[in-house]
Amino acid sequence: MLRSIRVRLTLWYVVMLAAILAAFSAGVYLALRANLYSNLNDSLDSKAAAIGAAVQDGGGRPQLTPDAAPPDPDGEQFVRLFDASGALVFDNSTVEAGVLPDSDAVTAAAEGATDRRTESVSGDDVRILTVPVYRDGSVFAIAQVGKSEGDVHDTLRTLLLIIAAAYPLTLGLASAGGVFLAGRALGPIGRVTTMARRLSAEDLNQRIEADLPDDEVGRLVTTFNEMIARLDAAFRRQRQFTADASHELRTPLTAIKGQTEVALQQERSAEGYRDVLRAVNSQADRMIRLVGSLLTLARADSGGAALTLEQVDLGKLLADAADQIASATAAAKQIEVRVSGGPEVHLSADEDLLLQLVLNLLDNAVKYSPPGASVTISWAAEDGDAVVRVSDTGPGIAPEHLKHIFDRFYRVEESRASETAGFGLGLSISRWIAEAHGGTLAAESLPGSGSTFTLRIPLERRSDSS
């Protein structure tokens with residue numbers, strides 16, 4: 001049972017409540033006891049003062065009329081009067097086994113001292129106050145008043161009985177209430193546990209339906225639902241990625257298989273076999289590029305692609321990238337690649353990955369621009385970031401496609417895939433490279449107005465970048 005949070009919470013609650021109740025009960029008992037004894041002493045002080053005022057001079061001998069101190073029929077209090085020598089002159093005590101006069105207290109009062117003590121009589125405690133009575137500046141008489149502490153003891157005993165009965169009853173009710181409240185509070189956690197046991201990679205659609213306040217448990221349930229939603233999206237992306245990769249790999253494999261089967265069906269000339277081998281080699285190159293892209297993304301997802309940081313001359317890197325594209329794909333389509341000069345900018349980056357990113361953007365712009373168009377690349381330093389912009393004058397990208405262009409294997413027009421020989425992974429890799437450097441990659445485009453890709457990378461490596 002101690003493995004249950006509900007039981008442990010209840011036990012801790014009951015133990016703490018028991019300690020608090022014990023301290024509270026002790027405090028109440030001691031405070032009441034002190035107050036009762038204080039009232040008893042005050043009562044004796046008042047009585048002694050009244051007796052002192054009622055003492056009369058009977059020819060040099062103190063006197064006290066019975067009317068001034070009538071006897072107590074219950075025998076719980078008494079009044080005695082002594083002369084200055086300590087001789088008893090008045091006593092209204094009615095208890096047969098009453099308190100005997102204490103010569104020490106009388107002697108002390110005769111010398112001007114006040115004596116307060118408790119005497120035990122037949123199992124009952126009696127509080128006794130002995131005070132001097134002055135006339136003309138000297139002790140004329142000695143007054144002694146006593147009162148039983150029985151009422152004080154009865155009151156305290158009653159309080160103890162109430163505490164003894166209420167203490168376990170309160171703890172019992174608190175335990176039951178603690179179990180109930182802990183169960184109510186931890187109920188959603190139980191539902192989280194039950195649902196977590198039912199979850200699997202094939203079924204992540206379930207959510208905890210609970211109308212909970214914005215407290216610790218409510219936030220836990222919300223966080224759990226958000227985590228399941230993220231896992232669901234991640235598994236969906238993984239399944240889609242696997243399906244797309246399989247499809248892309250199957251295409252060149254099918255082409256290779258078809259070419260070899262046709263070549264084996266009949267004898268061919270050497271040139272015919274060379275044509276088949278060239279076609280097979282082209283498809284093999286396509287597979288190598290695809291596998292390389294997939295490997296890059298796999299390393300990115302696993303965090304295993306470490307950056308080799310160095311100081312990079314941004315202008316020189318962009319110029320080299322533009323020259324590579326201009327002498328390759330751009331020349332074949334008569335597309336002009338323009339480099340718009342900018343300030344001298346140096347930044348801490350992985351030069352090879354940064355070059356791959358820029359080449360991807362330029363290659364993408366050239367592929368989807370019509371013959372005779374132009375592509376412009378520019379750079380600047382803005383707010384501590386190196387900013388690179390690649391613009392083209394192509395057909396642009398429709399808004400419904402623009403939000404997906406960084407998704408893996410996404411291509412705006414499937415019909416153009418064979419023409420451009422792309423896989424839909426270049427922009428995904430480019431965005432990962434930008435984010436690995438602590439930067440961002442964004443796209444702006446309108447149909448018929450061309451597209452602009454903007455890369456922002458901090459000039460200095462930030463501590464939270466990875």
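Normalising by the residue count of the stretch 30-135, find the relative contact order in percent from Cα pairs under 8 Å and 6+ residues apart.
18 percent
Considering only protein heavy atoms and a probe of 1.4 Å, how much of the accessible area of the chain is carbon and sulfur, as a whole percent?
For the chain, the apolar C and S fraction of the accessible surface comes to 55 percent.
When ligands, DNA and RNA are left out and all protein chains stay put, how many square angstrom of accessible area per residue does the stretch 241-281 have with a 1.4 Å probe?
70 Å²
Using only Cα positions of the chain, each an equal point scatterer, no hydration layer, compute I(q)/I(0) via Debye at q = 0.06, 0.07 Å⁻¹ and quote the log10 values to two decimals.
-0.58, -0.64
If you count only protein heavy atoms with a 1.4 Å probe, what accessible area per residue comes out for the stretch 149-197, rounded to a whole Å²?
With all protein chains present, the stretch 149-197 gives 60 Å² per residue.
What residues have an amide H closer than 5 Å to that of residue 133, excluding those fewer than 5 places away on the same chain, when H is modeled at 1.01 Å from N in the peptide plane?
Counting only residues 5 or more places away or on other chains, the set is 140, 141, 142, 143.
Not counting the cut sites, what is the longest span of the chain without GluC sites (Glu not before Pro) that DSSP labels loop and that have at most 16 other Cβ atoms within 10 Å?
Longest gap between qualifying sites, sites excluded: 112-201.
Is the C-alpha gyration tensor of the stretch 254-356 telling us rounded, prolate or oblate? Criteria: a/c under 1.5 is rounded; beyond that, a/b larger than b/c is prolate, otherwise oblate.
oblate
The values are calculated or read from the model by the stated rules, or taken from the named source; none is laboratory data. What you see is a predicted model; the values in this text were computed from it and never measured. Note: ideal-geometry Cβ built from the backbone for every residue, glycine included; neighbour counts use all protein chains shown. Note: accessible area is taken over every heavy atom of the protein model, side chains too, but ligands, DNA and RNA are not part of it. Shrake-Rupley method; radii C 1.70, N 1.55, O 1.52, S 1.80 Å.
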